Structure formats: structure tokens, C-alpha cells
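No lab work stands behind these numbers, since they all come straight from the coordinates. Every value quoted in this text rests on a predicted model; they were computed, and no experiment measured them. Cβ: placed from backbone, ideal geometry, glycine included. Neighbour counts: every protein chain shown.
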Amino acid sequence: MYFPRKSGVKESFGRRDSLWYRLRMPFRAPSGTEDILPDRVPLWLRVEETVRRLFSSYGYRELRPPLLEYTSLFHKSTGEVTDIVEKEMYTFGEGKDALSLRPEVTPSIVRALVQKGLFGRQNLWKIFYLGPSFRRERPQKGRLRQFTQLGVEALGSSDPRIDAEVIRLYAHFLDELGVTRYEIRLNSIGCHDCRAGYREILRKEITPKIGEYCDHCRTRLDRNVFRILDCKGCREKTRELPLAIDHNCASCRDHFALVEKSLEGISYTVDPHIVRGLDYYTRTVFEFTSDLLGAQDALAGGGRYDSLVGNMGGPDVGAVGFAAGVERLMLVFDALEIGVEGERPDFYAVAVDDSVRGDVFRIANQLRSADLSGDLDFEGRSLRAQFRTANKTGARHVIVVGPDELGRGNVKLKNMSGGEEEEIPVGEVADRITRAGK
Ligand code: HAM
């Protein structure tokens, strides 16, 4: 009987998972990084395939920027006074030649489009990406130092419907993968002008009470007051502060109203406390969260950034996008027991005794050349043991190669679903297996 191997189930090595064993290991992956083991890869492939298919179907095209960028790119875009830039980047070298492993992908996408002059070719660029990002954070469940982001950026439009489109796209993506336990939180933090006014309101409100805030917030009051809103330690105080959404201009309010209208049929809540920890956001901001994740509950985050392209030397155009952590998605898959069946190979070829091992090798390779998938034994194992492996791999057919049958130019072919076994000419095996189908 074939038991499909669910790749949603994590590979476990019993004793090898123990603290004792881990402490004795001479080499370990750096903390905050993960190996994706073979049983798990089919699930990753499913995510990658779904991104490429679904995102393309909404008109987004893939862009693959480098993992290394000039550090100054992130200072200029993510923001000088943000946690990411102040303390979380892996940076090499100094001064204007300093390079950093990208902590996020948005700045690279904007840089690439501006650098290559692509806005001269068309106004609207709808881009998606999938790949690693790096942040020197304190590792914990769902928080890694190397993690994988998938995301989209729609650059060149201020239409509120495209804010709704990117949100709808990620909701569609989660639904396709069977993820149902998530919430969408939405906010509007205003345009450049609203933000200037709100900055002053915040300063006025916080300054007399700054003694009650943590040291870190104190340094941020003058340098970047918005980032005080991100401080987890001062949350009780920041919750009492005036809200950005209450200080939006008429045009930002209209924009947000149309975003909401365009989200008809999607369930979301307006959460005025969503601020996002990066500097470039304007107007719409949003997060997808899941209670299955624990403290690091953001499955995805994004929003509009209408000044960034212009600030980076490009045209003055609006943009919006999001990024999602794939490792966090994997945690949700585990919690919901979402897995992918391993691929069943077409055949496993077994040798009845050692005299025919060369023939088994030859036959297996002929079948592979005929586009069939399958394997054979390379460990000199007994016939019984070879059958056990055949079962484990889930092969659809077992080819039994014995000296007697070979003498007649034949092998035995056993269909593992039906159980019947037949002696047939070697030359007919490929055709038989192909005709039996998947
Ligand atoms: P972010 O909120 O910093 O936004 O990251 C987006 C997502 O990446 C998070 O919601 C989370 O799922 C994942 N993530 C972030 N840090 C880690 C980590 N240390 N370990 C595991 N997963 C993590 C951005 O990066 C923006 N570039 C999103 C965006 C695109 N905004 C507009 N366009």
C-alpha cells in the first residue's frame, strides 16, 4: 500500500533533534537560517508555482534584482531612522562603497526600474518577486535572519483600485493554497502633506511627556517621530496618541473610500493603529495577520508609497505593493496540516540477484531516456529490501529483473496499484508503463 508522503509534515530525526545532539554537532547552520529539507521542497515548489501562475494572471511580471545593493539605497528608501537600517542590515565595507544584503526588495525594484530608464517605455509597471531577504534580528519563531519574501509592486499609478488589487491578489493567493485563518487590517496614514501636519501634532503631543518614553523613543522624537509609533515597549502610551487617519486631507479620505469600495466582497477591518515600520509609506497601509503565528503574526505587509520613485530619481508617480514571508506561510501550513503529496515515480527496478545488477542499471536508464521517472538499488540490498524501498518511494510499477526471465529477453512488470504481475519483453516495458498513465 502506498502512503503518500505529505511534505507538510516536518522531517524529524528523533534523537538528532535533541539538545544534547545539537550541542555536539561540529557545524550548524547560523541561527535564524533554515535548511529546506527534501520532504519539504514540494510545498515550497507549490508556493513558487502558485506565485508565478497567479501573479502573472493579474498582469504582474517577475523582476530579479541582486541580493546585494549599495547600503545607501536602503538609507534613502527604507529610511535612515528605522530599525531595519539602524541595526538590522548585514553590511560590508564602509562609506559610499558599502554594500548590504537586501533587508527587503521594494527599494531594489524601484532602483532597477529607474536605473534602466523603464518608466520612459511605459507608465505602469506591475512587478512581482520571490527570493531571500536578510535582517540581523533576534531569531524567534517566524523571525529569521535569512527569510524569503514574495511580493508585488505596482509602480506608476495612484488609482485606489490598484491598492485594492494587490490586497485582493494576496487574498486570492492564500485562498488557492487553502489558507483560511487570516485577517486583513487596513489603514490610511495620509499623503506627504497630511504627514507633515500629523508629524507636528505627534511632536506636540509627545514632547511634554517624553520622560515617560523609553531611551530609544527619546532619540526618535526629533529624528523621526513616526517611528515612536512602532515601539512595542511604549505601546500603552502610543495607543493614546492622535491617529493619522483622523488627520487626512479630503483627497486622502476620498482615496481611502475608493480603496474600501474596491475591496467589496473581501473581509477586512480598518485598524487605525497599523503604522508599518518603514519610512516610505503614504496613504493606504495594510497587513495580513494570522492568529496561528504567535507573536510574529504578520503574514504580509504593504501599502502605498507615492514619493519613493520620485525621491529615487524617477518620475513623480504613485506606487503600491506588499511583501509576504514564505517561512511564516509554512508555519501556517503546518498549523493547518496543509501538505503536498510527493510525486510518485513511474517505476522502481529491482534485481533478483547480483548477476543482473548491470542489466537493472541498463534497463532503468533506457526507461529514463523514454521520459519515465524511477530509481534502482545501489546498496547491494536483498530482493525483499528492494521491494520495501519500492513501496516507500510510491513507485507505480516494479520491474523485477531475474536471470531466468532475462534469458528469455523478458522482465516481470508489477503494477503496484492493481497488483497484477506479468512477464513481458524488455523492449515493451516503457510503452506499457507509459500507457498505464499516471
Ligand atoms: P515588511 O513588513 O518589513 O515589509 O515585510 C513583509 C513581510 O516579510 C512580513 O509581513 C513578514 O511576513 C516577512 N518578514 C519580515 N521580516 C521577517 C523576518 N525577520 N523573518 C521572517 N519573515 C519576515 C516589507 O518588507 C516591504 N518591502 C513590503 C512592501 C512592498 N511594501 C510595499 N511594497
Handout entry: Simple Cβ-charge dipole of the range 115-159, Lys/Arg +1 and Asp/Glu -1, about Cα centre, in debye nearest 20
Key = 360
Completion exercise
Non-local residues with an amide H under 5 Å from the amide H of residue 133, with H modelled 1.01 Å from N and Pro and chain starts lacking one, are 147, 148, 149
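Starting from the coordinates of the alpha-carbon atoms of the range 333-421, obtain the Kirkwood hydrodynamic radius over all distinct pairs and give the value in Å to one decimal.
Every distinct Cα pair counted, the radius reaches 13.8 Å.
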Practice task
Counting helices only, and only those DSSP H runs with n ≥ 4, report the 222 nm mean residue ellipticity of the chain as the sum of -39,500 (n - 2.57) divided by its residues, in deg cm²/dmol to the nearest 500.
Solution key: -9500 deg cm²/dmol
Problem - Percent of Cα-Cα distances greater than 15 Å, calculated over the range 150-232 - result: 70
Handout entry: Dipole axis of the chain (+1 Lys, Arg; -1 Asp, Glu on Cβ), positive-most option in 150, 430, 416
Key = 150
Problem - Mean Cβ neighbour count within 10 Å, used as a protection proxy, ranking 171-179, 265-273, 279-287 highest first - result: 279-287, 171-179, 265-273
Completion exercise
Exposure proxy check on 416, 330: fewest-to-most Cβ neighbours within 10 Å is 416, 330
Completion exercise
Quick calc: nm separation of the 7 Å Cα→Cβ label points for residue 57 and residue 267 -> 2.3
Problem - Cα centroid separation, the range 157-222 to the range 336-372 (Å) - result: 54
Practice task
Would you compute the Debye intensity of the chain from its alpha-carbon atoms alone, equal scatterers and no solvent, and pass along log10 I(q)/I(0) at q = 0.08, 0.12, 0.13 Å⁻¹ to two decimals?
Solution key: -0.60, -1.03, -1.14
Handout entry: Lys, Arg +1 and Asp, Glu -1 on Cβ, resulting dipole of the chain about Cα centre, debye, nearest 20
Key = 860
Exercise for the section: Please turn the phi angles of the range 226-239 into ³J(HN,Hα) values with the Karplus equation 6.51 cos²θ - 1.76 cosθ + 1.60 (θ = phi - 60°), one per residue in order, whole Hz, x for glycine and proline. Expected result: 4, 6, 5, 5, 7, 5, 5, x, 9, 4, 4, 6, 5, 4
Handout entry: Dipole of the chain, positive end: most advanced residue of 42, 387, 317 [Cβ charges, Cα centre]
Key = 317
Practice task
At a Cα cut-off below 30 Å, give the lysines reachable from residue 261, other chains included and same-chain residues fewer than 8 away excluded.
Solution key: 126
Exercise for the section: Could you rank the peptides 87-93, 164-170 by their average count of other C-beta atoms within 10 Å per residue, with the highest value first? Expected result: 164-170, 87-93
Exercise for the section: Tabulate in residue order the Karplus-calculated ³J(HN,Hα) for the range 136-143, using 6.51 cos²θ - 1.76 cosθ + 1.60 with θ = phi - 60°, rounded to whole Hz; enter x for Gly and Pro. Expected result: 7, 9, 6, x, 7, 3, x, 10
Fill in the blank from the handout: Residues meeting the amide H criterion for residue 411 (H placed from the backbone, H to H distance under 5 Å, 5 or more places apart or on another chain) are 424, 426
Practice task
Return the single residue from 224, 410, 187 with maximal mean-square fluctuation; model: Gaussian network over the chain, springs between Cα atoms under 10 Å.
Solution key: 410
Problem - Kirkwood hydrodynamic radius (C-alpha pairs) into Stokes-Einstein, the range 99-203, 37 °C and 0.692 mPa s, D in µm²/s - result: 194
Exercise for the section: Check cross-link reach from residue 232 to the aspartates and glutamates: straight Cα distance under 16 Å, and skip same-chain residues fewer than eight apart. Expected result: 83, 137, 212, 215, 240, 297
Problem - Partnerless Cys - the chain, beta-carbon criterion under 4.7 Å - result: 191, 194, 214, 217, 249, 252
